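Working notes for the structure below.
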Amino acid sequence: MKRQVLLFIVGSMAFLALATSARVEGGELSPHRLNFFDKRGYFPPPFKAAVHELVDTKQALVQAKADEKKFKEDLPDLQKQSSEAEAKVADLRKELDQYDRPEDKDFATLQTKMNDAGANPEEQRMLAQAFVWAYPSNPHQAEAQQYLTQVQKKIADQLQAEKEAEAARQAARAKLIQRAQAHDLSLNEWRDFLRDMSQEDILKYLGRPQTMGVDYWVYSGSWTTDPSTGNKVGLRIAFNGTRALTVLVGP
């Protein structure tokens, strides 16, 4: 044991002498130089292992410092690249969300259309119906169903109002025809009734006239009251082609 310690001390002193010599000569201690000295038997095995470990550690430290320096130099560019990548990811996420959740965009369109007082009810109904059918599990389903019910009622009310208006118009027309056939219209009412009426319809409602000229017909008798005299007189209908143009009192 004492002999190994002695050899280690001797070897260390020899190594220091060699290292000093190598540095004086301008060289640096390296694994290659260590191997050179080792081949000549200058180092005992424990010392040789320790020296190799020391040199390897020193080289690893130098390389680590070089890597750290390069990393610090590259860090601003890496941070910039990272920020740009994050911004691109955010933009792509926004764009992707439009495809991932089209129902949100569709519901926003439906809301805008339903809040538009001048919108066509049929277009509103189609949008609401499409949303209800396409997105049955969407959180806005109840609102969309309410919109659909609302616009369906609005359309039904409009149709009913149109039917009632048409029925009233037809009833008024039938009553006017009855009065015309009963010779119970004023001159202005005759003018409104016969305006632009075809000769065929006039024959249907009033029958054949007593006089048929080239461009006029005369219905003699008591058809209306002459505004200027208050007497019952006939009608003189002038035509533009085959359609009534003007109505005057006749003989």
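Bear in mind that the values in this text are calculations on the coordinates, not laboratory data. Note that the structure is predicted; figures quoted are calculated from it, not measured. We place every Cβ from the backbone using ideal geometry, glycine too, and count neighbours over all the protein chains shown.
Numbers at a glance
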{"item": "Net +/- balance of residues flanking K163 in space, Cβ distance below 12 Å, scoring K and R +1, D and E -1", "result": "-3"}
{"item": "Ratio Rg/Rh, restricted to region 103-167 and using Cα atoms, in which Rh is the Kirkwood radius", "result": "1.06"}
{"item": "Burial ranking of peptide ranges 72-85, 168-181 (average Cβ count within 10 Å, highest at the top)", "result": "168-181, 72-85"}
{"item": "Cα-projected label distance for Q199 with L245, points at 7 Å along beta-carbon direction, nm", "result": "1.4"}
{"item": "Proportion of all alpha-carbon pairs of region 183-250 beyond 19 Å (%)", "result": "22"}
{"item": "Protection-proxy order for peptides 144-151, 157-164, each taking the mean of Cβ atoms within 10 Å per residue, highest first", "result": "144-151, 157-164"}
{"item": "Cross-link pairs K58/K80; K153/K175; K204/K232 - those with Cα-Cα distance over 25 Å", "result": "K58/K80; K153/K175"}
{"item": "Amide H partners (placed H, <5 Å) of R243, local residues excluded", "result": "none"}
{"item": "Sites E162 and T112 - FRET efficiency at Förster radius 22 Å, r taken between beta-carbons, to 0.05", "result": "0.20"}
{"item": "Stretch gain in nm, segment L54-E123, where the contour uses 0.36 nm per residue and the Cα spacing is subtracted", "result": "16.4 nm"}
{"item": "Nearest-0.05 FRET efficiency for A238 and I177, computed from C-beta distance (R0 30 Å)", "result": "0.90"}
{"item": "In sequence order, calculated HN-Hα J values of region 127-134 (Karplus, 6.51, -1.76, 1.60; Hz; x Gly/Pro)", "result": "5, 5, 5, 4, 5, 4, 6, 7"}
{"item": "Euclidean distance between Cα centres, region 98-170 to region 179-251, Å", "result": "51"}
